[in-house]
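The values are calculated or read from the model by the stated rules, or taken from the named source; none is laboratory data. Everything numeric in this text was worked out from a predicted model, so none of it was measured. Methodologically, a virtual Cβ is constructed for each residue, glycine included, from the backbone with ideal geometry; neighbour enumeration extends over all protein chains shown. All accessible areas refer to the heavy atoms of the entire protein, side chains included, with ligands and DNA or RNA removed. Shrake-Rupley method; radii C 1.70, N 1.55, O 1.52, S 1.80 Å.
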Amino acid sequence: MFSVLSYGRLVARAVLGGLSQTDPRAGGGGGGDYGLVTAGCGFGKDFRKGLLKKGACYGDDACFVARHRSADVLGVADGVGGWRDYGVDPSQFSGTLMRTCERLVKEGRFVPSNPIGILTTSYCELLQNKVPLLGSSTACIVVLDRTSHRLHTANLGDSGFLVVRGGEVVHRSDEQQHYFNTPFQLSIAPPEAEGVVLSDSPDAADSTSFDVQLGDIILTATDGLFDNMPDYMILQELKKLKNSNFESIQQTARSIAEQAHELAYDPNYMSPFAQFACDNGLNVRGGKPDDITVLLSIVAEYTD
């Protein structure tokens with residue numbers, strides 16, 4: 001089972017793959033605020049059982065999109081499924097982490113140029129819960145500063161993002177792994193397991209900042225996408241995005257998620273995950289069944 005998430009509708013005057021009249025290189029100014037037109041789609045790994053959690057969660061994945069007067073912010077998180085062996089629902093940690101990030105943004109308790117700060121404050125709130133929220137999660141936060149037209153990112157683990165311009169990937173997050181199939185992660189463990197459960201600091205997240213242009217495509221996703229679709233396949237799907245209206249973005253996000261989902265269950269497909277496994281001395285072939293979350297955004301001229 002899949003669902004489609006939709007977020008605020010901006011007036012997108014950028015022309016994909018070219019220049020718009022509002023682009024400063026086209027002589028039309030372009031000094032106004034930028035915003036993101038975002039649509040999301042995903043699949044829970046247990047879709048065959050008809051399970052779809054409430055809210056912006058696909059299985060153990062979670063995501064959010066929030067808007068503040070200074071910035072547009074979005075994030076994805078992937079709950080670590082191994083906690084299920086200890087009677088813990090992995091989606092509770094990732095879902096609460098993303099909901100807390102969303103609330104912090106809407107309350108204005110963040111600095112656009114410091115996405116790690118959003119993660120840090122959210123994680124600290126989870127640590128301070130009277131009833132411990134056990135679990136682990138990767139996390140990726142993307143912030144578009146409306147006025148400066150800069151994108152600020154923080155990525156902890158193997159979720160991540162791509163920025164595509166003119167049909168090419170111009171920015172990409174770096175995957176963080178301790179060792180094969182063991183990504184960096186935020187964790188809260190019971191007292192008896194502290195020091196045993198793998199846990200990374202939010203400060204360990206890889207952070208980047210760079211300028212964006214009108215019409216840039218930003219794809220943010222959990223590893224369920226990147227483990228099953230190499231960049232060239234993602235770019236092929238993005239070529240179908242002929243304009244920057246919301247409906248087209250939503251359709252493309254769904255198409256990408258559906259293709260990744262199909263490949264995840266193809267036993268004869270040499271997926272990026274299988275290739276990575278082979279590189280680590282394991283004889284693996286096929287896709288990687290996993291939760292999949294895709295947020296697809298286009299940088300547009302912001303209007304109220």
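Condition check ((1) open to solvent by 30 Å² or more (accessible area, probe 1.4 Å); (2) within 25 Å of Leu74 (Cα to Cα)) across all residues:
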| residue | (1), (2) |
| --- | --- |
| Ala221 | no, yes |
| Leu225 | no, yes |
| Tyr232 | yes, yes |
| Lys239 | yes, yes |
| Asn243 | yes, yes |
| Ala253 | no, yes |
| Gln259 | yes, yes |
| Asn280 | yes, no |
Q. Scanning for something within 28 Å of Pro230 (Cβ to Cβ), surrounded by 24 or more Cβ atoms within 10 Å (Cβ to Cβ) and of a type in the set (Ser, Thr, Tyr), does region 111-133 turn up at least one residue?
A. no
(Q) What's the total number of residues in region 216-240 that are more than 14 Å from the chain's Cα centre (by Cα) and under 20 Å from Tyr302 (Cα atoms)? (A) 1
Q: Could you list, in sequence order, all residues of region 78-102 that are over 17 Å from the mean Cα position of the chain (by Cα), in a helix (DSSP H, G or I) and not hydrophobic (A, V, I, L, M, F, W, C)?
A: Gly81, Gly82, Arg84, Asp85, Tyr86, Pro90, Gln92
Q: Could you please let me know if Ser91 is crowded, with 24+ Cβ neighbours inside 10 Å, of a type in the set (Ser, Thr, Tyr) and touching a residue at least 12 places away in the same chain (Cβ under 8 Å)?
A: yes
Q. With (1) free of Cβ contacts under 8 Å to residues at least 12 places away in the same chain; (2) open to solvent by less than 40 Å² (accessible area, probe 1.4 Å); (3) not charged (D, E, K, R) as the list, and Gly195 as the residue in question, which single condition is left unmet?
A. (2)
Q | Single residue of region 62-77 satisfying the filter (part of a strand (DSSP E or B) and in contact with a Lys or Arg (Cβ under 9 Å, 6 or more places away or on another chain)) that is most open to solvent (accessible area, probe 1.4 Å) | A | Arg67
Q) If you check every pair at least six apart or on different chains, which have Cβ atoms under 8 Å apart with a residue in region 225-248 that is closer than 20 Å to Ala264 by Cβ and modelled with pLDDT under 95 first and a residue that is surrounded by fewer than 21 Cβ atoms within 10 Å (Cβ to Cβ) and polar (S, T, N, Q) second? A) none
Q) With Asp174, Asp211 as the choices, which residue is more than 25 Å from Gln92 (Cα to Cα), surrounded by fewer than 19 Cβ atoms within 10 Å (Cβ to Cβ) and under 15 Å from the mean Cα position of the chain (by Cα)? A) Asp174
